[in-house]
1. Which whole-Hz couplings ³J(HN,Hα) result when phi for each residue of region 257-273 is put into the Karplus expression 6.51 cos²θ - 1.76 cosθ + 1.60, θ = phi - 60°, listed in order with x for Gly and Pro?
2. For region 94-170 and region 15-91, what is the centre-to-centre distance using only Cα atoms, to the nearest Å?
3. Calculate the length of the line joining the C-alpha centroid of region 255-286 to that of region 230-254, in whole Å.
4. Does region 142-298 come out rounded, prolate or oblate by the C-alpha gyration tensor, with a ≥ b ≥ c the root eigenvalues, rounded set by a/c under 1.5 and, if not, prolate when a/b is larger than b/c and oblate if not?
5. Would you compute, from DSSP H runs of 4+ residues alone, the mean residue ellipticity of the chain at 222 nm, taking -39500 (n - 2.57) per run and dividing by the full residue count, rounded to the nearest 500?
6. Is there a pair in 118/217; 157/217; 122/157; 117/157 whose C-alpha atoms are over 23 Å apart, and which pairs would that be?
7. Mind pulling the angle between the C-alpha long axis of helix 155-169 and the longest principal axis of the chain? Nearest 10 degrees, somewhere in 0 to 90.
8. Would you kindly derive the ³J(HN,Hα) couplings of region 148-154 from the backbone phi angles with the Karplus curve 6.51 cos²θ - 1.76 cosθ + 1.60 (θ = phi - 60°), listing them in order in whole Hz, with x for Gly and Pro?
Amino acid sequence: MRLLTEAELNKVPMSILVDAVRAQIEADAEGHAVAPPRHNVDFGDGGLTFTCGGNDKLAGFRVYDTFPKAEGVDEDQVVIAYDRVTARLKGLFVGERLGALRTGCLGGVAADVMTAKKPIKKLGLIGTGTQAETQLLAIAAVREIEQVQTFSRNANKRTAFAERMAAQLGVSVAAVDDPRQAVMDADFVVLATNAAEPVIETDWLAQGCHLTTLGPKSKSRHELPLDILPRVRSCASDSPQQIAAQGENHMFFGQSLNIQHLGKYQEEQGPGDLTLFLSAGLAGTEVALLSAAIDALA
């Protein structure tokens, strides 16, 4: 059994992690994965959330808590992978980094599957936290990015983020003063916030752009504007089953939106002009990523 550290995980090439997540998405689409919606255990003042899943060779889970925390306190998470072939515990990871990388890889797979195989001329990014970072890293693993413009509410944080990511990726990353400037004329837009209200307006988006949304997607809390639907030509999610589990609470419940499984995605020819990826967190992708990282470091 391998206890994987964050330092070790960060040494694994992003392309390997993206491929591991891609394989799990495809396995789920083909019926070779176990990936039920997440399970919440309520303790009153918070709870535990489990995402359990796997495939023909792996089984495992990720668990994190939702108990109240002091500002600045990290969220403890645990990911465990079992080898189904040997019936032995393969590895364990403690910390937030693996979950963040997994979500980034979901966005990387969506970029590769849903957009043309050509450089991204401008990527507009709303949010400058860890999720925004891992989205950039994963997308850069599958597409050349010519420039990034990013916005978040804290000017110091967005400037520091832009400087750090420019050095890491070797591309132009500019912090801008308003969200409209970040997304206007962008052929690829990522929303990576925990905002309860829309962080962009639909008419800011360029004709034919791709949009990925990571944040809240409920009727009462959503970073995406509801009036975007008429512009959506094709839509996919890594976990339509997770969206279905939200039922009438989902922001698009009852709407005429065909949410395809990312593992079976085919571009549609509807009246809209945008492609939309709804990141939902397919169960088992964390387990697949942990296993692939252990194998890569063996």
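Here, each number is a calculation from the coordinates, and none is a lab measurement. What you see is a predicted model, and the numbers here were worked out from it, not measured in a lab. A quick note on method: Cβ atoms are made from the backbone with ideal geometry, for glycine too, and the neighbour counts reach across all protein chains shown.
1. 10, 7, 9, 7, 6, 4, x, 10, 5, 9, 5, 9, 10, x, x, x, 10
2. 22
3. Answer, in whole Å: 8.
4. Numbers: a/c = 1.58, a/b = 1.11, b/c = 1.42.
In terms of gyration-tensor shape, oblate.
5. After summing the helix terms and dividing by the residues of the chain, the value is -9500 deg cm²/dmol.
6. Pairs exceeding the cut-off: 118/217; 157/217; 117/157.
7. The helix 155-169 is inclined about 70 degrees to the chain.
8. Once rounded to whole Hz, the list reads 10, 10, 10, 9, 8, 5, 8.
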